[in-house]
Structures are given as C-alpha cells and as structure tokens.
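What follows draws every value from the coordinates through simple rules; no lab data is involved. All of these numbers come straight from a predicted model, not from anything done at the bench. Positions of Cβ are generated from backbone atoms using ideal geometry, with glycine treated the same way; all protein chains shown enter the neighbour counts.
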Number of protein chains: 2
Amino acid sequence: MIKWNNKEFTCPVDVSLSFISGKWKILILSHLCQIEKKGFSDLRENLPGISEKMLSQQLKQLEKDQLISKSVLSLKPYRVEYSLTDTGKSFGPLFTFLSQWGITFLKRKGIDYIKDQHLYK
Amino acid sequence: MIKWNNKEFTCPVDVSLSFISGKWKILILSHLCQIEKKGFSDLRENLPGISEKMLSQQLKQLEKDQLISKSVLSLKPYRVEYSLTDTGKSFGPLFTFLSQWGITFLKRKGIDYIKDQHLYK
DNA sequence: ACAATAACTTACCAAAAGGTAAGTCCACTA
DNA sequence: TAGTGGACTTACCTTTTGGTAAGTTATTGT
C-alpha cells in the first residue's frame, strides 16, 4: 500500500483515479479542456443532466485537488470563471483518449457522432 | 443525448466511461494488462482490499461488456483464466497513462514508487 | 480423515454517491 | 416593481456501491 496524505493506494493507477473518479469529474474536466466560456452556467449547459448541487460540489472538490482554479470576475454581480490548472491540463491526453475511444466505439455501432453531432444537443 | 442499447450518453467520453467506471474495473483491467497469471486468486492477490464478491461481480460485468474473456481450464477442479479481449486491450493506452500519471505525481510528492516498489507489497 | 485451496454465491447491512426541490442574494432589464 | 439570470446552498431522500461473513462444490495435499 502506498500512503500519502492519510490515504492508501494500491498502485499508481489508484492514485490517479482518486482525483478523477465519480460520475461527473472527468466530464467536467474534459469540457473545461474544450470550451472557451467557463462560467458556472456554461458548464451546466454543457453537462446535460447535472444538477447545480452536483456541479458546485464537484467543482469544489476539483479546486481543492488543484485540478481547476476559480477566478472571481466580479463580486457585486457575482461572476466566476473556471479553468484547468497545469495539473488539470496534464490529464489532457486522457480526455482525448476517452473521447476518441467513444467516437470509435459508436462508429462501430453505426452511430456517426461527428457527422450527427448537431442531433445530440 | 446519444442513445445506444437503451442507454443515454451525454458525449463520447460518457460512452467510454460507462465501460470502466466504478471502484475496481480500471484496476482489474490494468492488472490483466500486466500480469501473466490470470486466475481468480491471482487477481485477488494483486488487488489488495477487494472482496471475492466484488471481484466476481466486476469480472462478470466486464465479460458481459466484452472487455475480458474467461476460459474454463478445467471443470472437475474448477479452474479458470481471465484475459483481455481486443476491445479490452484497446484501453491499454489509458492504463499506461494512468499508471504513469500516478508515478509522476508520487515522485513530485517525494515518493519513488519504482525504486521502492518492494515496500508496497 | 482432515485441512487447505480454488472459484465462486448468497444474504444481509452500511456508507457513499447522487437526485429533487426549494431557497438565497444580488443585479440587471423591461 | 416584477421578472430574469447567475452562482450558489440546504434539507431531505433514494439509489448505487461496496463490505462482511458464511456457505457451496470439488480436489489436492498430509
């Protein structure tokens, strides 16, 4: 068992997973990797099905783990912006891989995601 | 929303994740990617903390999803062997990435996994 | 004959994760 | 002044996931 920060890991893969596991984290990160606009509601719009509670919760955790950073654009009307940190960006190849794998898989099943992307909005 | 097999996915990444999410699946697959011996108890030994119930349950799901295949070596004394299918192998780069990411992360935190691997058994 | 090993399954239970709905605060717009 | 949008929080509840422990069948080893 590898020990770090009062947690135990069975192997390096387990270490990596501890940052990105859960139903939403990878999805949030991979969207932050792609889209330009990064406000709270931009993210919500791009993650069909996520509740505000979940989004807020996950963003908080990702920030704590230093995968993303939040900048407060203005306080009076409260506006924020989220972006990947360097650590967050270091997961980039993972998101690319998962996206590509999914696209290839779907194609094998007769679904052309790229061509029909507009249908899935 | 992308639909396939009565399930809904928000994007291709979501499709990929549906095969490998959960506490144990990636760990099981990445071990099958590395070790030669692949019996039930070989796996159990290499996945500290997993219960037989969980291992059996996850193996069943992975087999159903066609990421692994099971060959029954003998019936009288019941012996089996698990291995990655081609689909399972296609996740290879993912396991490599996650392992490497973890190793790099640990090194930054002053833990040299490669050098001290024997300590973590 | 008895214990150990292999590959499970089953029943039961606890904890973690996630969903729903409502509420908050503030500012801008009509 | 009423309504809308942005960025949340909170309480409550359900589902999913995971853990424990015991049982099963059959073989090999002592």
>> Need one number: convex hull volume per residue for the protein assembly as shown, Cα atoms only, in Å³.
In response: 149
> Among A:Lys38, A:Lys89, A:Lys23, which one moves the most in a GNM of chain A with springs linking Cα atoms closer than 10 Å?
Replying inline: A:Lys23
>> Between A:Val80 and B:Glu63, what's the calculated FRET efficiency when r is the beta-carbon distance and R0 is 41 Å? Round to 0.05.
In response: 0.35
>> From the Cα trace of chain A, what convex hull volume per residue do you get, rounded to a whole Å³?
In response: 136
> By count of other Cβ within 10 Å, fewest leading, how are B:Arg79, B:Arg108 ordered?
Replying inline: B:Arg108, B:Arg79
> Given springs between every Cα pair under 10 Å in a Gaussian network model of chain B, which of B:Gly102, B:Gly110, B:Gly49 has the largest fluctuation?
Replying inline: B:Gly110
>> Considering only C-alpha atoms, what is the centroid distance from segment B:74-115 to segment A:30-68, in Å?
In response: 29
> Which residue fluctuates the most in chain B, going by a Gaussian network model with Cα springs under 10 Å, if the choices are B:Leu94, B:Leu62, B:Leu73?
Replying inline: B:Leu73
